[in-house]
Amino acid sequence: MTYAYMLMNSPVGELKLVANGNRLAAILWENDKPNRVRLPETVEADERPILIETRRQLNEYFAGTRDRFDLELDFQGTDFQKKVWAALLTIPFGETRSYSDIATQIGNLNAVRAVGAANGRNPISIVAPCHRVIGASGDLTGFAGGLANKMFLLSLEAGQTSLEAASDSAVSGPVAAASAAAPERVDRDALVKPARPAPARGTQASLFGN
């Protein structure tokens, strides 16, 4: 089946949701590098059910009513990349891991740099939460969506209302580092406290394509 995409407005900019059949293949950033995620030619198809469901769950996430995703995923990459991306899916909402932690989890202690490279090519941003991977020192380090968006996502998951409040949260190390390191200007009006009724809890379904 042809790869299809839908464009979605969000607090972190316009997102491009891409489906392969009935599985989610990618969530790309508005200013994503063209070759970061390699995909075949896509056609716009706003009616594709998996894309509609992805948009719905993302909107709930941004509203603070969802802390995990229940979507069928289609990761296309090397075996090593798929191991890293599978490890991302195990990082709990509101927590962070280091590249070394991920390398240990996949059983390759010496692959920290390779883990970083695979993390940077994660095709399904936000749902496979590469934003929860930080440097061992607590620095946010690089992020395909930009460090300001990485800080926003971590702040959102910490239930923060502003950058100042975020600096006092459990992610104070990463957020403080990003304040100095991120070249992007953060829209403070976008950091609005989400309503937080009981989050929807689904079981993350992942299907790694070959």
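The values are calculated or read from the model by the stated rules, or taken from the named source; none is laboratory data. This is a predicted model, so every value here is computed, not measured. Backbone-built Cβ (ideal geometry, glycine too); neighbour counts: all protein chains shown. We work out accessible area using only protein heavy atoms, side chains counted, and drop any ligands, DNA or RNA first. Shrake-Rupley method; radii C 1.70, N 1.55, O 1.52, S 1.80 Å.
Quick notes on this one:
- Any hit, region 119-139, residues being in contact with a Ser or Thr (Cβ under 7 Å, 6 or more places away or on another chain), closer than 24 Å to residue 78 by Cα, among the charged types (D, E, K, R) and touching a residue at least 12 places away in the same chain (Cβ under 8 Å): yes
- In region 143-160, the qualifying residues are those that are closer than 17 Å to residue 94 by Cβ and small (Gly, Ala, Ser), and the one that is most open to solvent (accessible area, probe 1.4 Å) is 158.
- For residue 50, the criteria (1) within 15 Å of the chain's Cα centre (by Cα); (2) open to solvent by 10 Å² or more (accessible area, probe 1.4 Å) hold in every case but one, which is (1).
- Residue within region 68-78 that is open to solvent by 40 Å² or more (accessible area, probe 1.4 Å), touching a Pro at 6+ places or on another chain (Cβ under 8 Å) and not basic (Lys, Arg) present: yes
- Residue check, residue 149 out of contact with any strand residue (DSSP E or B) (no Cβ under 9 Å at 6 or more places or on another chain), closer than 19 Å to residue 15 by Cα and outside any loop (DSSP other than H, G, I, E, B): yes
- Hits in region 112-140 - residues which are on the phi > 0 side of the Ramachandran plot and either within 13 Å of the chain's Cα centre (by Cα) or not in a loop (DSSP other than H, G, I, E, B) (or both): 126
- Some residue of region 151-161 being modelled with pLDDT under 95 and farther than 30 Å from residue 51 by Cα: no
- For region 29-52, a tally of residues being within 20 Å of residue 128 (Cβ to Cβ) and in a strand (DSSP E or B) returns 1.
- Region 118-140 - residue that is open to solvent by 50 Å² or more (accessible area, probe 1.4 Å) and either modelled with pLDDT under 95 or of a type in the set (Asp, Glu) (or both) and, of those, farthest from residue 68 (Cα to Cα): 137
- Residue count for region 93-111, restricted to those that are in a helix (DSSP H, G or I), open to solvent by 40 Å² or more (accessible area, probe 1.4 Å) and either over 30 Å from residue 159 (Cα atoms) or small (Gly, Ala, Ser) (or both): 1
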